[in-house]
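Report on the structure given below.
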Amino acid sequence: MPEARWLLPAGFEEVLPGQAQVIECLRRDLLDLYRSWGYELVIPPFIDYLDSLLTGTGRDLDQLTFKLTDQRSGRLLGVRADMTPQVARIDAHHLCHDAPTRLCYLDTVLTTHSDGFAGTRSPLQIGAEIYGHQGTESDTEIVRLLLLTLKAAGIERAYLDLGHVGIYRGLARQARLGQRQEHELFDVLQRKALPEMEGLIGQYGVTGAPARMLLALAELSGDDALASARVELRQADAEVHNALDYLDRVAGELTRWLPDVPVHFDLAELRGYHYKTGVVFAAFVPGWGLEVARGGRYDDIGAVFGRPRPAVGFSCDLKGLLRHVQGALSPQVDEAPVLAPYSDNPLLQQLIADLRAAGRRVIIELPGVFCEPRALGCTERLEPRGNAWALVPCE
C-alpha cells in the first residue's frame, strides 16, 4: 500500500485558511497591545547553538529539544523549544542599558513531545518579559498583560494560581537535603504523593519540624493557603517566611489591580522550579484542568551571557488557546471579494489598485480556467462600461 504522503508526524498540524486568518488577526492585535505597553518585539533564530539554548531556563528543556549537528562548524545545534533563553541573551548582550527593558516575542517553537495542553509539538509561543526590575510591580504588570492576552483570545473568565519557589527551596535547605535528594523529593511533591514523600523523608533521615513542614507543603493549596502556611511553617527559617511575605504582597497588588480575577495559592505546584527564583504563576479557565499560560520570576538568567539582571515574564501557546480553550474565533467578516478580468487595461488596473488600497480583496480571473464567481466567494465583478469600468453584481 503506497505511503499516505499527506499524513503529518504526530503532534504537528496544518493551519487551514479560516483558522490561519483568525490566528494572524489575533497575532497583530496582541503585538499592538504589547507595543502600547512599551514592549519591543524581538525575533530570535529558530536554530541556535545547543549550549546557548540549554542555559538558565534551558536546562529543563534538554529532553524537549530537537538536536542536530552543524555541518559547517561541527558543533551541536538545537531547535528552540522555548524562546526565553534567547531573549535573555538579547537583553544581556545587545541591549546594554541599565533601565528596565520590556521585550515580547511571537513565533513557532518545536518540542520533542507535547506539553499536554494543546497536544502539539509546534506551539506558536507568545510571551512578554521585563528585565532589570525586581519587585512586585513588575510581577503584577506581567500578570496583567497575561490576562489581557487571554481576554483578546476570547477568554473572559480566568483565575490565577500563585506560588513561590523559595518556600520549598528554603525547607529543603533547612532539612539539609543534598541536590539529588532535593530534586527527587520535588518530583514526588509535584504528584502530592504523601506516602511516597514520607518514605523518602525517612530515608533521608529528616525528622522533627523539617520533616513535618515538608509533608505539610503538599497540602497547602487553596484560597487560605497563605494563612495556613503561617501556622504549618511557623518553625521555618527566615528564607521561607520572606517568600511567604513576598507572595502576600504580590497577591495584594493583583487584587488591587484585578479585583475581579480570582487569585488562588498552591505552594507545592512549582512550575519551572529548577530555574525560577521567586514567584511563579499559572492561569486556568473553568472546565479545563491544565494551565493555559504560565510564568514567573527568573532573576539572573542573563548571568551566563555576562550580564545578570532580574527578570519576570510569561508565555503561552496561541494556537492552543484558540483550539482547546475558547474554540475557534470567527474570522473577521470582510466584504466579499471582487472578481476582475485578466487585462492590462490602465483604467482597470487603477481601479483594482484603488479597491485594494481601500481594503477590498480583488481576485484576478485567470485565462483558460472557468470558475463560478460565487465559488470564489465573489458577489461583484468588474466589467467594462463604455470607456470606464464598473462594479456589477455577479449573476
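The values are calculated or read from the model by the stated rules, or taken from the named source; none is laboratory data. All figures in this text were calculated on a predicted structure; none of them were measured in a lab. All Cβ positions, even for glycine, are placed from backbone atoms using ideal geometry, and neighbour counts span all protein chains on display. Note: accessible area is taken over every heavy atom of the protein model, side chains too, but ligands, DNA and RNA are not part of it. Shrake-Rupley method; radii C 1.70, N 1.55, O 1.52, S 1.80 Å.
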Fill in the blank from the handout: FRET efficiency for N242 and E24 from the Cβ-Cβ distance with R0 = 45 Å, rounded to 0.05, comes out at 0.50
Problem - Whole-Hz couplings from phi, Karplus 6.51/-1.76/1.60, listed for the range 267-279; x for Gly and Pro - result: 7, 9, 8, 10, 5, x, 3, 6, 10, 6, 10, x, 5
Problem - Rounded tilt (10° steps) of 136-152 against the dominant C-alpha axis of the chain - result: 40
Exercise for the section: Just order 78-90, 375-387 by mean Cβ neighbour count inside 10 Å, highest at the front, would you? Expected result: 78-90, 375-387
Practice task
As a check on your grasp of the helix formula, calculate [θ] at 222 nm for the chain: sum -39500 (n - 2.57) over DSSP H runs of n ≥ 4, divide by the residue count, round to the nearest 500.
Solution key: -10000 deg cm²/dmol
Exercise for the section: For volume of the Cα convex hull per residue in Å³, several values are listed as (1) 233; (2) 138; (3) 202; flag the one computed from this structure. Expected result: (1)
Problem - Volume of the Cα convex hull of the range 177-245, divided per residue and given in Å³ - result: 90
Practice task
Using only the alpha carbons of the range 116-190, determine the length spanned along each of the three principal axes and report them from longest to shortest in whole angstroms.
Solution key: 46, 34, 24
Problem - Cβ-placed point charges (K, R +1; D, E -1), dipole of the chain about Cα centre in debye, nearest 20 - result: 460
Problem - Accessible carbon and sulfur surface of the chain relative to its total accessible area, %, 1.4 Å - result: 52
Completion exercise
Given a Förster distance of 56 Å, the FRET efficiency implied by the Cβ-Cβ spacing of D344 and D299, rounded to the nearest 0.05, works out to 0.35
Handout entry: Alpha-carbon radius of gyration plus Dmax, which is the widest Cα pair, for the range 100-157 in Å
Key = 13.8, 36
Handout entry: Derived scalar couplings ³J(HN,Hα) [the range 83-98; Karplus, 6.51 cos²θ - 1.76 cosθ + 1.60; whole Hz; x for Gly, Pro]
Key = 9, 4, x, 5, 5, 4, 5, 4, 5, 6, 9, 9, 9, 8, 10, 8
Handout entry: Amide H contacts under 5 Å for V312, placed H, 5+ residues apart
Key = I130, Y298
Exercise for the section: Return the long-range amide H neighbours of A153 (sequence gap of 5 or more, or a different chain), with a cut-off of under 5 Å between placed amide H atoms. Expected result: none
Fill in the blank from the handout: So, over other residues within a Cβ distance under 11 Å of P44, counting Lys, Arg +1 and Asp, Glu -1, the net charge is -1
Completion exercise
Over its alpha-carbon atoms, the range 333-395 yields an Rg and a Dmax in Å of 11.2, 33
Exercise for the section: May I have the extent of the alpha carbons of the range 1-145 along their three principal axes, as whole Å values ordered from largest to smallest? Expected result: 62, 42, 27
Completion exercise
Taking Cα atoms only, helix 346-357 is inclined relative to the longest principal axis of the chain by an angle, in degrees rounded to 10, of 20
Exercise for the section: Starting from the Cα gyration tensor of the range 233-366, multiply each eigenvalue by 5, take the square root, and state the resulting semi-axes largest first in whole Å. Expected result: 53, 20, 14
Fill in the blank from the handout: With bins of 5 Å, the percent of all Cα-Cα pairs of the range 157-210 per bin from 0 is 4, 17, 28, 25, 11, 6, 4, 3, 1, 0
Practice task
May I ask you to derive the FRET efficiency for S73 and E13 from their Cβ-Cβ distance with R0 = 35 Å, giving the value to the nearest 0.05?
Solution key: 0.60
Exercise for the section: Using amide H atoms built 1.01 Å from N in the peptide plane, name the residues 5+ places from L77, or on other chains, whose amide H lies under 5 Å from its own. Expected result: L50, L68, T69, D70
Exercise for the section: Relative to the longest principal axis of the C-alpha atoms of the chain, give the angle of the C-alpha long axis of helix 17-36, reported between 0 and 90° and rounded to the nearest 10°. Expected result: 60
Completion exercise
Going residue by residue through the range 366-383, the Karplus relation 6.51 cos²θ - 1.76 cosθ + 1.60 with θ = phi - 60° gives ³J(HN,Hα) values, rounded to whole Hz and with x marking Gly or Pro, of 6, x, x, 10, 8, 9, 4, x, 5, 5, 8, x, 8, 10, 9, 9, 9, 9
Practice task
Rank-order 360-369, 224-233 by packing density, defined as the average count of other C-beta atoms within 10 Å over each peptide's residues, highest first.
Solution key: 224-233, 360-369
Exercise for the section: In debye, nearest 20, what is the charge dipole magnitude of the range 81-201 about its Cα centre with +1 on Lys and Arg Cβ and -1 on Asp and Glu Cβ, if you could check? Expected result: 140
Fill in the blank from the handout: Residue-normalised value, i.e. accessible area per residue, for the chain at 1.4 Å probe, in Å², stands at 50
Practice task
Evaluate 2.2 N^0.38 Å with N set to the residue count of the range 130-249, then give the Cα radius of gyration divided by it.
Solution key: 1.23
Practice task
Would you list, by chain and number, the lysines whose Cα falls below 28 Å from the Cα of K319, excluding same-chain residues fewer than 8 positions away?
Solution key: K67, K151, K276
